[in-house]
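Some notes on the structure that comes next.
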Amino acid sequence: VEEPPDLELKQAYEEILKVTAQDVFRNGTFQLFESGVWGAVTFMRQNAARTVAYLAQISEAWHKFHSATFDISALAQTINPSDHIEVTNLLTANSIRLQREDGAFKLRPEQIGVGEGTEFCFVEVKLV
């Protein structure tokens, strides 16, 4: 029995492929960083023009990915921020201006449009 194509899933994968085909993902320097979220993996890619990151929940946890608080200070430090940065969700274009609090930049993916049930996101950080 042949199933009908899942057009929503196809569109989601096309968007992921479009984002990750960008030069910074292919040629940028790669670095893992610690986010302080149990069961999550975080890495950044950086070139002369852009700093991007992948945040993902890779194991089951008591928290949900979209509402976990990620410390993205290591990511922010690569762009030499003052007290504010802009973080953009590369899959939805939602963005937020974050302020350094107690010496750290903290992000909950839901702040940039990541919904419940989602397990990863791609972000870009910029100076404000």
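The values are calculated or read from the model by the stated rules, or taken from the named source; none is laboratory data. Predicted model only: the values in this text are computed from it and were never measured. Neighbour counts are summed over all protein chains in view; Cβ atoms, including those assigned to glycine, are modelled from backbone coordinates with ideal geometry. Areas reflect the complete protein model, heavy atoms only, side chains present, ligands, DNA and RNA absent. Shrake-Rupley method; radii C 1.70, N 1.55, O 1.52, S 1.80 Å.
Inside the stretch 18-61, can you point out the residues that are of a type in the set (Lys, Arg) and in a strand (DSSP E or B)? If the condition is that a residue be of a type in the set (Lys, Arg) and in a strand (DSSP E or B), then Arg45 is the only one that fits.
The number of residues in the stretch 92-128 being more than 11 Å from the chain's Cα centre (by Cα), open to solvent by 80 Å² or more (accessible area, probe 1.4 Å) and over 13 Å from Asp71 (Cβ atoms) comes to 6. Which members of the stretch 36-74 meet the condition of being surrounded by 12 or more Cβ atoms within 10 Å (Cβ to Cβ), hydroxyl-bearing (Ser, Thr, Tyr) and farther than 15 Å from Val125 by Cα? The answer is Ser67, Thr69. Considering (1) in contact with a Lys or Arg (Cβ under 9 Å, 6 or more places away or on another chain); (2) modelled with pLDDT of 95 or more; (3) outside any strand (DSSP E or B), the lone condition that Ala93 does not fulfil carries the number (1).
Based on what the data block shows, is Ile79 within 16 Å of Phe122 (Cα to Cα) and either more than 11 Å from the chain's Cα centre (by Cα) or at pLDDT below 95 (or both)? Criteria not met by Ile79. Do we have Ile79 as in contact with a strand residue (DSSP E or B) (Cβ under 6 Å, 6 or more places away or on another chain), β-branched (Val, Ile, Thr) and open to solvent by less than 50 Å² (accessible area, probe 1.4 Å) here? So Ile79 fits the description; yes.
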